[in-house]
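J.: Quick one: this structure, given as structure tokens, is what I'll be asking you about.
Just so it is clear, none of the values below were taken in a lab; they were calculated from the coordinates. If you're wondering where the values come from, they're calculated on a predicted model, not measured in any experiment. Glycine gets a Cβ as well: all are built from the backbone with ideal geometry, and neighbour counts include every protein chain shown.
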Amino acid sequence: MIASAPAGEIRLDNVTVAYDRHPAVHHVSGRFTTGSLTAIVGPNGAGKSTLLKAIVGQLPVADGSIERGPLKPRDIAFLPQQASLDRAYPISVLEVVLLGHWQRVGAFGHIGRDGIRAAREALSAVGLEGFEQRPLATLSIGQAQRALFARVLVQDARVILLDEPFNALDARTVADLLALLQRWHGEKRTVIAVLHDFDLVRQHFPEALYLARRLIAWGRIDEVLTPENQLAARRMAESWDDTAPFCDTGHNHDSHSGHHDHTGHHGHAA
């Protein structure tokens, strides 16, 4: 059993996540330290979004454990992929942002003037001042994503998880939202984002977790995004078997586990 993680730190101990007993993520170990800014990268179908959902608690862990320390649900903000957002739902932009208070006040709690003011300030921070009463359905993809980032701002969480937050966005919107990530990083919040653009990751993220069902590497960008690791990920992707049975190797099998402890060791999957 691993020791309790400090506030803002998330530790993965031999984590396996499965769908219908078919593993989507195998035996991942390591930690996101408090205040770290980490990109999760890897080929399509590598289990990146699955791992993020397991960290936030939306998917159960089939083997191993995720240690969140003293973090409560309200301390973790999760922004899913845009495809999961029903933009046709009859809700205003301000109401979307006010949902950021939900973890604190509950479904029937009173938000009050301070909460509304915080939501308006968040909209201003993402460039949507004056959009408060606009229906969500009338927004462009970029504007809708800005509104969702404002909701995350309002939640004021210690840990922020983002699943492909820059998909299909224009360059200006990406730049503005990246500035918010840097702000959160400067505030010592733990930020984890699933991304596909390696150039963007190299420019803006100090750390990365390279996943291809199993852990390829986890650590500093220059040690993770290497040609050798890209080749290893491609080979692993080509060898996937989606019909394979559940791999129940437990804690006694570490030959395919990556371990990352921020002390210079960066694990590689075989």
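J.: Treat each spin label as a single point 7 Å out from the Cα along the C-beta direction, and report the Ala171 to Glu228 distance in nm.
T.: 3.5
J.: Something else about it: Could you pull the Rg and Dmax for the stretch 117-170, using just the Cα atoms, both in Å?
T.: So, for the stretch 117-170, Rg and Dmax equal 11.2, 31 Å respectively.
J.: Let me ask you something else. Per 10 Å bin, what percent of the C-alpha pairs of the stretch 25-139 does each bin hold, from zero upward?
T.: Answer for the stretch 25-139: a P(r) of 10, 32, 32, 21, 4 percent.
J.: What fraction, in whole percent, of alpha-carbon pairs in the stretch 83-157 exceed 19 Å separation?
T.: 27
J.: Multiplying the sequence separation of Ile91 and Arg235 by 0.36 nm and subtracting their Cα-Cα distance, what value in nm do you get?
T.: 47.3 nm
J.: Let me ask you something else. Within a Cβ distance under 12 Å of Leu51, other residues only, what is the Lys/Arg minus Asp/Glu net charge?
T.: Summing Lys/Arg as +1 and Asp/Glu as -1 gives +3.
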